[in-house]
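A quick write-up on the structure given underneath.
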Amino acid sequence: MKRLSSKILLANAIVLGFLVSSCGNNQTSSSTTTTTTTDSTKTADTTKQAPAASATPGKVASGTDVTIHAVGNNMSEMHYDVSEIDAPANSKMKITLINDATDPSMQHNIVIVKPGDADSVAMHGITAGIAKGFVPDEPAVIAGSGLTKPGGKTELSFTTPAAGEYKFICTYPGHYQKMNGKFIVK
């Protein structure tokens with residue numbers, strides 16, 4: 001019995017270590033999606049960046065080239081700085097996600113999902129694992145970015161779907177419940 005408890009404890013420690021020490025990874029979820037991930041150790045970014053914002057319920061980002069920030073240094077603080085992204089239907093879209101965190105465990109991505117599928121995509125993201133940036137390869141995923149480490153950024157380029165209300169979420173394990181918002185296509 002003691003040997004079984006030790007094995008369970010060791011397995012949990014390995015999984016926890018994997019999740020905490022996992023590194024960034026580019027992810028392409030479909031042929032219409034392009035991502036670029038940069039971490040803080042690379043050259044300075046020359047892309048136009050929106051200023052970092054604190055949590056603002058109801059803050060909306062609009063257009064086909066938007067920048068959002070992932071803020072917070074622990075599970076209770078983490079969130080996107082916007083609660084909604086509005087975009088035109090069937091348009092080329094670029095979302096730049098800047099990770100303002102400094103804690104190494106705060107890696108993030110942004111995944112656009114079909115209505116009603118956010119819970120399922122978040123759960124399947126865990127199964128997809130680090131090799132796929134926690135973005136599952138399934139029809140419910142419209143587009144998914146690579147992971148970004150604290151101080152880094154990732155860019156997600158894709159064609160917006162038909163008009164409707166979708167969701168954007170972070171599929172890094174444990175983040176979805178706090179890191180999500182509406183993706184409104186008009």
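Values in this text are rule-based calculations from the coordinates and carry no lab data. Source: prediction; values computed, not measured. As a convention, Cβ positions derive from the backbone with ideal geometry for all residues, glycine included, and neighbour counts pool all protein chains shown.
Between residue 105 and residue 178, how many nm apart are label points set 7 Å from Cα along the C-beta direction?
It is 1.0 nm.
Past 23 Å, Cα to Cα: identify those pairs from 132/186; 94/167; 92/178; 114/149; 149/186; 153/182, in the order given. It would help to have the intermediate numbers written out before the result.
Details: 132/186 30 Å; 94/167 16 Å; 92/178 27 Å; 114/149 26 Å; 149/186 32 Å; 153/182 21 Å.
Beyond 23 Å between Cα atoms: 132/186; 92/178; 114/149; 149/186.
Cβ under 14 Å from residue 77's Cβ, residue 77 left aside: what net charge do those residues give with Lys, Arg +1 and Asp, Glu -1? Present the calculation step by step, with values, prior to reporting the outcome.
Numbers: positive: 178; negative: 81, 100, 103.
That works out to -2.
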